[in-house]
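Report on one structure; see the data block that follows.
Since every read-out is calculated from the coordinates, none of them should be taken as a lab result. Predicted, not measured: the structure shown is a model, and the values here were computed from it. Here Cβ is always computed from backbone atoms with ideal geometry, including for glycine, and neighbour counts include all displayed protein chains.
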Amino acid sequence: MYSISSYGDMIADRVRMDAYLTALRQNITPDSIVLDVGTGTGIFALLSCKFGARKVYAIESSDAIEVARQIADANNMLDRIEFIQARSTEVTLPERANLMISDMRGVLPFFQHNIPAVIDARRRLLDPGAILIPLRDELWASIVEAPELRRRLDQWDEFFALDHSLDHQAAKKLVANTWWKGRTSPSEHLTLPQQLATLDYTSVDNPNVFGELKFSVTRSGTGHGISVWFDTLLAKDIGFSSGPESPEVTYGSAFFPWPQPVAVTLGDVVQVSISADLVGEDYIWRWQTSITRESDTRVAHFKQSTFLGTPLSLAHLRKRADSYRGERNEAGEVDLLVLTLMDGTKTTAEIAAELLTRFPNRFTEFKDALGHVADLAAKYQ
């Protein structure tokens, strides 16, 4: 979830904002009915209204939408912008939009429920042939020598080298199976970039991605991992890149580390496969690397996954087994009571008072019980 200051950082990104502004100006007409998915503090909704859209539906699940409402009110735009606090997949509009604008990316476009939201909106909330901004994102990748980015992994060795009696490999293995944000310079690239995948928002019907690449090393060096970024086409001839050859933008690039550095030489072949599968609320990423030299001599082979980068206790794993028979603990009994009493007849205060009576060891003050009820009401009502 973005903070308000994070939204400010995105608005302050002139490369990003100038491109979106140009795309909106190019496509907004007096007949435009705009759907702004993930409106945040409302900048695209406000600009759509300013550029002459007849109606704007601005959807945002977080409380940032209240800031958007206040800004719209201060600019006398509430008569044309309807703010809806919900996930777009839970919304039904009184009319279909003919233009949708969104930017729900993280470092990469495959982020949380960004793509399912676009797929759903395109099917339910948009006119056939509606304009989508952005139109397309392209993922690019390259093998890099990036010691500063790799420090997140190497710092475990740097610290524990002070005491060789401590084995820290369990933690280091987890870090080696995660990726993180990190920009690279062109001089750090050991291969020419290649296109990993294309995400066409006008036709995508699957939130997952898989790509295979075969690189040839262009200079000798030490390979530390894979850099991945995206180029976007917002509208005809309008876009920008988060790649190393372009001005820095708020998204940055993704760095997929290798478990260990690999010395590579000119002409070595690096075969890479990268996939991302949406599971629950976020993606599981997998990246596999094979490095070979002349005569197909294997130099290194790695299989990595963010699934292996998540610490899971045995107790937690048992509870995820299909044979597990669970029993509610006290926290579960508390939530069950609250949800049962949320039947439209009792106030939040009345339910909180019931919690104090039923669970005196868990709630010693009325304000604590009231806060818990309010949290559940915000989640389920």
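What the table below lists for this structure:
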item: The stretch 152-237 - Rg and Dmax from Cα coordinates, angstrom; result: 18.3, 60
item: Theoretical FRET efficiency, 1/(1+(r/R0)^6), r = Cβ-Cβ of Asp18 and Gln155, R0 41 Å, to 0.05; result: 0.65
item: Candidates Ser32, Ser305, Ser295, ranked by Gaussian network fluctuation over the chain, Cα under 10 Å, top entry; result: Ser295
item: The stretch 1-147, relative contact order [Cα under 8 Å, separation at least 6], %; result: 21
item: Förster radius 56 Å - calculated FRET efficiency between Gln26 and Lys303 (Cβ-Cβ, nearest 0.05); result: 0.80
item: Where labels lie 7 Å past Cα in the beta-carbon direction, separation of Leu78 and Ala349 in nm; result: 2.7
item: Nearest-0.05 FRET efficiency for Thr92 and Val67, computed from C-beta distance (R0 41 Å); result: 0.95
item: Extent along principal axes [Cα atoms of the chain; Å; largest to smallest]; result: 76, 60, 37
item: Summed residue charge, Cβ within 12 Å of Asp127's Cβ, Lys/Arg positive, Asp/Glu negative; result: +2
item: Histogram of C-alpha separations across the stretch 137-312, 10 Å bin width, %; result: 9, 35, 36, 17, 3, 0, 0
item: Principal axis box of the stretch 4-133, alpha-carbon based, largest edge first, Å; result: 35, 34, 28
item: Calculated from backbone phi, Karplus (6.51, -1.76, 1.60) coupling profile of the stretch 250-257 in Hz, x at Gly/Pro; result: 4, 5, x, 10, 9, 10, 9, x
item: Length-normalised contact order for the chain - Cα pairs under 8 Å, 6+ apart - percent; result: 13
item: The stretch 1-73 - Kirkwood radius from inverse mean 1/r over Cα pairs (Å); result: 12.5
